[in-house]
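Here the structure comes first, spelled out in structure tokens, and everything after it is commentary.
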Amino acid sequence: MDKPHGLMLLCICVFLECVTTHTARVERLADRKICADKHCSYVISVARALEDYVAADCRFINLRRGQTIYVFSKLRPVEAAGVFWSGSVYGERYVDQMGVVGYFPSNYINETYVFQKETVEIPTTDMDFFCA
């Protein structure tokens, strides 16, 4: 193998190692979820954070007391698991997370308005729990 090809192969290997060490699939929080539509692209409801919550890993979002949250899905918990919902936060604090969708424990929020009463239940996918 000549030098240019060897160097390119080395760069590819280093890049792939970097990608695989900085991304990970983590445990599934549920096998099914409830959404407003089959793509989970519409908001089900609006909620207000009852207290602060610090995200455990990249699947979750931080919540600050009083912050508005738009709920996109509600996970159907597996046995002995907590009840998590996914949503996006809005408010003056954590402005850098505005528009970022992540999970949070449902007992940290109060659902204030339901937009979509008719929902669909669909399976979760590996991408629902992917950390980047």
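The values are calculated or read from the model by the stated rules, or taken from the named source; none is laboratory data. Because the structure is predicted, anything quoted here is derived from the model rather than measured. Positions of Cβ are generated from backbone atoms using ideal geometry, with glycine treated the same way; all protein chains shown enter the neighbour counts. To get the accessible areas, we keep the full protein, side chains included, count just its heavy atoms, and leave off ligands, DNA and RNA. Shrake-Rupley method; radii C 1.70, N 1.55, O 1.52, S 1.80 Å.
Annotations
- Heavy atoms of residue 90: accessible area, 1.4 Å probe, square angstrom to 10: 90 Å²
- Amide H to amide H distances under 5 Å link residue 73 with 86, where only residues 5 or more positions off or on other chains count and H is placed in the peptide plane.
- A full extension of the chain between residue 31 and residue 64 corresponds to an added length of 9.1 nm, given 0.36 nm per residue minus the alpha carbon distance.
- Near the amide H of residue 42, within less than 5 Å, lie the amide hydrogens of 36, 37, all on another chain or at least 5 residues away, with H placed in the peptide plane.
- Computed E for residue 132/residue 111 - FRET, C-beta separation, R0 35 angstrom, nearest 0.05: 0.75
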